[in-house]
Ligand code: PAF
C-alpha cells in the first residue's frame, strides 16, 4: 500500500490510472477507522482494480464549538486496517495541502442540507460538499462509497454529483452495528462504559418505531413520541432531533406512507450520535 500525502501526486497517479482504464473505487473517511469503514473498503475492493481510501479530518465541516481538536486520530491503526483490506493507496493530506490559506470557493447544496443535522450544524454540509468535491477531483474515481448511517450526507452527495455532473457513481453501503445495535462510528470512542451501555437506546428507539409502523401506525407524531420515550429511559441521553422525512426529498411528513426515513441525533455525554432507519412503503390492502 502506498501512502500519498501530496494532492499533486494523488492527482498524477489518478490520471495515470484513468489512462490505463483501471477502475478506481474511493472510500473517503476522516480516519479512526472501524469495522463500518472496513465494510466500505471491502465493497470497493470487490468492484475496483484500484482502491483509494482517504483519511482527512476536514476542519471545514466542524462548527466553532464542535469537536475538531478532540476528533479521534489514529493513523497507525488506519494504515493497519487499510493494509489488511488490500487498499492500494491511502491518501492522507495535511490541511495546508487541501486548502490554500486564501481558498474562497465553497460547494453549497441548498435544499437537502437545511433540515435534520443541517438545522443544528448549519455550515456542516457546505464543508462536506466542498471537501468531497475536491477529493473527487484529486482521486478521479469511477465510484465512491458512502455509508447509509450518514443518510443525509449520502443524499446530499448524490444531489451534488447529479447537479454538478461529476463523472462518478455514488455507492451506498449498509450501516454496520455493534452486538447491541449501536451503529459503528468513530465518535463511539468518546463514550465512557456507562455512556456506551446507554447509547444502545438509539437503535432500540428506532426498532420500537418500526414495530408500531409495521403494526399499522402511520402518524409521524406518534412514531416520534415513541422514539423520544425510549430515549428518555437512558438518563445520559439528550435528544438533538427526531425527524421523519420523505426518503429522497428529506421533507418532513405527517403521515408515513411512502418510503420514509426516520432519523435522529442524540447527545450522550460529549458525543453526538446519529442513526436512522428507512421504513418501507405501505403495501395496498
Ligand atoms: O463521512 C465522513 O467521514 C466525512 O463527512 C467525509 C465524507 C469523509 C467528508 O469529510
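A few notes on this one:
- Kirkwood estimate for the chain, i.e. one over the average of 1/r between Cα atoms, Å: 19.8 Å
- Nearest-ten-degree value, helix 151-163 long axis tilted from longest Cα axis of the chain: 50 degrees
- Exposure proxy order (Cβ contacts within 10 Å, fewest to most) of 106, 17: 106, 17
- The stretch 76-135, relative contact order [Cα under 8 Å, separation at least 6], %: 29 percent
- On full extension, the segment bounded by residue 120 and residue 5 gains 38.1 nm, given 0.36 nm per residue less the C-alpha separation.
- The percentage of C-alpha pairs in the stretch 131-285 whose separation is greater than 29 Å is 25%.
- Put simply, when 20-26, 143-149 are sorted by average Cβ atoms within 10 angstrom per residue, most first, you get 143-149, 20-26.
- Translational diffusion of the stretch 90-173, estimated by Stokes-Einstein from the Kirkwood radius over alpha carbon pairs at 20 °C in a medium of 1.002 mPa s, is 158 µm² per second.
- For the stretch 74-128: rounded, prolate or oblate by the Cα gyration tensor [a/c cutoff 1.5]: oblate
- For the stretch 222-282, dividing the convex hull volume of the Cα atoms by the residue count gives 75 Å³ per residue.
- Within the stretch 122-268, antiparallel bridges make up roughly 70 percent of the DSSP beta bridges whose residues both belong there.
- Whole-Å distance, taken between Cα centres, linking the stretch 17-92 and the stretch 250-264: 31 Å
- Percent RCO, i.e. relative contact order, over the chain, from Cα pairs under 8 Å lying at least 6 residues apart: 17 percent
- Among beta bridges identified by DSSP and lying wholly in the chain, the antiparallel ones come to about 50 percent.
- Exposure proxy shown here: for 7, 82, the number of other Cβ atoms within 10 Å sets the order, fewest to most, as 7, 82.
- Peptide packing for 32-38, 153-159 was compared via the average number of neighbouring C-beta atoms within 10 Å per residue; ordered from the highest value, the list is 153-159, 32-38.
- Anisotropy class of the stretch 1-72 from Cα gyration tensor, a/c 1.5 cut: oblate
- Taking 7 Å steps out from each Cα toward its Cβ at residue 207 and residue 241 produces label points 2.6 nm apart.
- Rg over Rh, two decimals, the stretch 158-217 (C-alpha only, Kirkwood Rh): 1.16
Rule-based calculations on the coordinates, nothing more; no lab input. Predicted model, so just to flag it, every value in this text is computed and none were measured. Note that each Cβ is placed from the backbone with ideal geometry, even for glycine, and that neighbours are counted across all protein chains shown.
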